[in-house]
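In what follows, a single structure is set out as structure tokens and then discussed.
The values are calculated or read from the model by the stated rules, or taken from the named source; none is laboratory data. Being a predicted model, the structure only gives us computed values, none of them experimental. Neighbour counts are summed over all protein chains in view; Cβ atoms, including those assigned to glycine, are modelled from backbone coordinates with ideal geometry.
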Amino acid sequence: MYELIKTLPYWLQISLLLVPILSLLIAASAFAIGVRKTTLANKLGRAKIVSECLHAFINDDMMHRAFYKIEYNELKYDGSFHTSNEEREVDKLLKHFSDLAMMWENGLINLEDIRSVQYFILRIVNDSEIRKYLSFVDSWADCSGTGIHPYSALKKLAKNLNSEVTTHHKI
């Protein structure tokens, strides 16, 4: 085979050597471009998840009522809370952000993706009345034997966000 190649003109011998190298470079470039496009598509997909969460929250009157009661310290967790409209509003709000928290817990989105809704999550979960309610929900889930309540993912997310906020304030 080598003898046959030697009989070819010099430029053709060089071409036979360069073609595989050029093919390798093209394939490596195509792979790099594919990786970059996939990375960008994943980032865009995660941003879309959070954006849709934010828009759903903003466009929902029920969640807004619950949030503003929390925001202005008007929410009271007491004996009249259970089975009230206020409980349904708060549950809708907590469930909404718990869905996002479960996506975070499963690795579909990361803390950086959540920055645009961080304030809302922390304002809700850090509220003392909401904490009382979440404690009740945890104990109720334990007693009922139904397993971990979805709100636990929201509490974990808030804990991580709170620790990051604390770390950034120390710097």
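Checked against the criteria, Ser116 does not count as closer than 14 Å to Lys156 by Cβ and of a type in the set (Gly, Ala, Ser).
Here's the yes/no breakdown for (1) under 30 Å from Gly45 (Cβ atoms); (2) in contact with a Ser or Thr (Cβ under 9 Å, 6 or more places away or on another chain):
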residue: Tyr72; (1), (2): no, no
residue: Tyr77; (1), (2): no, yes
residue: Leu94; (1), (2): yes, no
residue: Gly107; (1), (2): yes, no
residue: Ile114; (1), (2): yes, no
residue: Val125; (1), (2): yes, no
residue: Leu134; (1), (2): yes, yes
residue: Thr146; (1), (2): no, no
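Contact map, the stretch 126-146: residues that are at pLDDT 90 or above paired with residues that are of a type in the set (Gly, Ala, Ser) and surrounded by 14 or more Cβ atoms within 10 Å (Cβ to Cβ), Cβ distance under 9 Å, separation 6+ or inter-chain. Pairs shown: Asn126/Ala158; Leu134/Ser152; Val137/Ser152; Asp138/Ser152. The listed residues are Asn160, Asn85, and the only one of them that is more than 12 Å from the chain's Cα centre (by Cα), exposed (fewer than 11 other Cβ atoms within 10 Å of the Cβ) and either at pLDDT below 95 or of a type outside the set (Val, Ile, Thr) (or both) turns out to be Asn85. Restricting attention to the stretch 27-35, does a residue exist that is within 27 Å of Leu154 (Cβ to Cβ) and under 27 Å from the mean Cα position of the chain (by Cα)? No: the stretch 27-35 contains no residue that is within 27 Å of Leu154 (Cβ to Cβ) and under 27 Å from the mean Cα position of the chain (by Cα).
Kindly state which helices (runs of 4 or more DSSP H) lie completely within the stretch 1-81 and contain at least 3 residues that are β-branched (Val, Ile, Thr), surrounded by 10 or more Cβ atoms within 10 Å (Cβ to Cβ) and without any contact (Cβ under 8 Å) to a residue 60 or more places away in the chain. Steps first, answer last, please.
Numbers: elements: 2-6, 10-58, 61-71.
By residue number, 10-58.
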